[in-house]
1. Using a Gaussian network for the chain with springs between C-alpha atoms less than 10 Å apart, which of these wobbles most: Ala74, Ala149, Ala87?
2. What does the charge count around Pro50 come to, taking other residues whose C-beta lies under 11 Å from its C-beta (Lys +1, Arg +1, Asp -1, Glu -1)?
3. Greater than 29 Å separation of Cα atoms is the criterion. Which listed pairs, Lys47/Lys258; Lys52/Lys229; Lys109/Lys294; Lys41/Lys146, meet it?
4. I want to make sure I understand the PRE zone here: with the label point 7 angstrom from the Cα of Glu250 toward its beta carbon, which residues in region 175-193 have backbone N atoms less than 19 Å away?
5. At a Förster distance of 51 Å, what's the computed FRET efficiency of Glu300 paired with Lys26, Cβ-Cβ distance as r, to 0.05?
6. Helix hunt in the chain: which complete DSSP H runs extend at least 18 Å axially by C-alpha with mean Kyte-Doolittle at least -1.0?
7. At most 15 other Cβ atoms within 10 Å plus a DSSP loop assignment makes a site exposed; report the longest stretch of the chain without any exposed trypsin sites (Lys or Arg not before Pro).
8. What is the sum of charges around Ser102, taking Lys and Arg as +1, Asp and Glu as -1, for the other residues whose C-beta is under 10 Å from the C-beta of Ser102?
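Every number in this text was worked out from the coordinates using simple rules, so none of it is lab data. What you are looking at is a predicted structure, and each value in this text was computed from that prediction instead of being measured. In this analysis, Cβ positions are derived from the backbone assuming ideal geometry, glycine residues included, and neighbour counts consider all displayed protein chains.
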Amino acid sequence: MIELSGGLRISKDEYKEKSTNVVSYKEQAERMRTLQSEQRKVVEKMKRIPYKIAVLSSKGGVGKSFVTSNLAIAMSSIGKNVAVLDADFHGPSIPRMLGLSSTRGLLAKEDGSIVPAVGANGVKAVSVGLMLPEEDTPVIWRGALKTTAIRQLLAYTDWEGIEYLFIDLPPGTGDEQLTIAQIIPHLTGFLLVTIPSEVSKHVVKKAAAFARKLNIPLLGIIENMSYFKCPDGSIQYIFGKGAAEEISAEYNIAFLGKIPIDPKIRESNDRGEAFFLKYPDLEASKSFMSIAKKLLEVIEKQNVT
Ligand code: ADP
């Protein structure tokens, strides 16, 4: 038996259990303090980035990472200072699409802050993909860990000088999407990416409804894989037609543009070359340029209203 102050006597086992609880309570309090301090850092750092844009599709495989990375490169070629945060932890493709597939590890400054990698056209990138020992290493994380990772990447990265931060989100409307919407103050808005198929259209409408529910502005919609131009000049609508127009009309969202299907897109992504830089004269690259300019107009208008 162990005697506590006030003459209370408890068994050794009970004492052990109680003291463990005390430690875990202390740990919890400590964790809460860390969380609050990280959240303060997020607020402080995000305040200094004028435009924070999250790219959402709900559906996987529609080319969201491709659109995010190439739109970022196009914005950078207009002269903007751009960074991409890859929040698609289970399928981080941003490094490859920005020409960073051979980059392993991110540097840290003396104060411990993370230095983003510099990809195509000077676009800065932070991705868990850059921290893995190999590109094929899986990230096996539950929701709570992903929420923490997003908060810490936002809080501890050196975002100095960045004007436009694009956040590439995984498919769905769950943990990562909610975290971004809740912890970034004054998120400029969501950008939606769809392909023309009915299946994609219905899922992307959920993303639009999600944004509306959270009162986050919808900056625009981009249709990827819109059509394929055959060698004889005829056009094939492989995935159907009109999905983005329909979503744009139903939700009153700016329709920013269409990107065709082009095997060169798949090839350059597979090779780890930035498509926009490699093929600046192809229709898809011109489309990215026009989308970037339209996005700037939408944001300018938003600032005025
Ligand atoms: P998501 O981020 O939506 O899961 P990705 O950006 O990873 O999708 O793209 C999925 C695959 O489709 C990749 O192999 C990419 O190279 C290819 N891809 C994307 N857009 C196009 C396009 N317009 N034409 C040809 N291939 C494309």
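1. Of Ala74, Ala149, Ala87, the Gaussian network model singles out Ala149 as fluctuating most.
2. Around Pro50, the charge tally is +3.
3. On the way: Lys47/Lys258 32 Å; Lys52/Lys229 34 Å; Lys109/Lys294 36 Å; Lys41/Lys146 18 Å.
Pairs exceeding the cut-off: Lys47/Lys258; Lys52/Lys229; Lys109/Lys294.
4. Within reach of a label on Glu250, which here means backbone N under 19 Å from a point 7 Å along Cα→Cβ, region 175-193 contributes 190-193.
5. With R0 = 51 Å, the Cβ-Cβ based efficiency is 0.50.
6. Those that clear 18 Å and a mean of -1.0 are 64-77, 143-156, 198-213, 283-304.
7. After excluding every exposed loop site, the longest remaining stretch is 143-240.
8. So the surrounding residues net to +1.
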